[in-house]
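Remarks on the structure that follows.
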Amino acid sequence: MGDEYLSQAGLYLHEYTRGLRLLHPDHHSITYDVIRQCDQYLKDAYDFDDVGRIILERFELIRARLEQERMEVIGKRNRLQMEATERNAARLALKALIQAKKDHLERLTQYYESLRDLTTGGDD
């Protein structure tokens, strides 16, 4: 009978603790279910956040490795270009040296022929 007066006033007794509640016991169980679902949602959200953080860390490691490899490739490419430039410079230097030797040989050949003409012309 006291429960009826309390329920008319919008108050309800808790079954186990005999404390006063403002919500009907049916509404309390629904509220408890919503609280459990919210807790599960928050747990799932934290798990998702952890997974996202792990993925971002792995992408950062991959990015760092790619950047390091990119720098190594750029260094190797620059070294190859420098070696090609050095080879070309050496080839041009050798070509100039060969031309200088050919010119010197041409001068010596002309000098030899002029001396030979002088020696053979003087014998006539």
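Please treat every number below as a calculation from the coordinates, not as lab data. What you are looking at is a predicted structure, and each value in this text was computed from that prediction instead of being measured.
A few notes on this one:
- Put the Cα centre of the range 77-124 next to the Cα centre of the range 56-75 and the gap is 52 Å.
- Phi-derived couplings, Karplus 6.51 cos²θ - 1.76 cosθ + 1.60 at θ = phi - 60°, listed residue by residue for the range 45-51: 5, 5, 4, 4, 4, 5, 5 Hz, with x used for Gly and Pro.
- Difference of contour (0.36 nm per residue) and Cα-Cα distance, MET82 to GLU57: 5.3 nm
- Full-extension gain in nm, ASP44 to ALA89, via 0.36 nm per residue minus C-alpha separation: 9.5 nm
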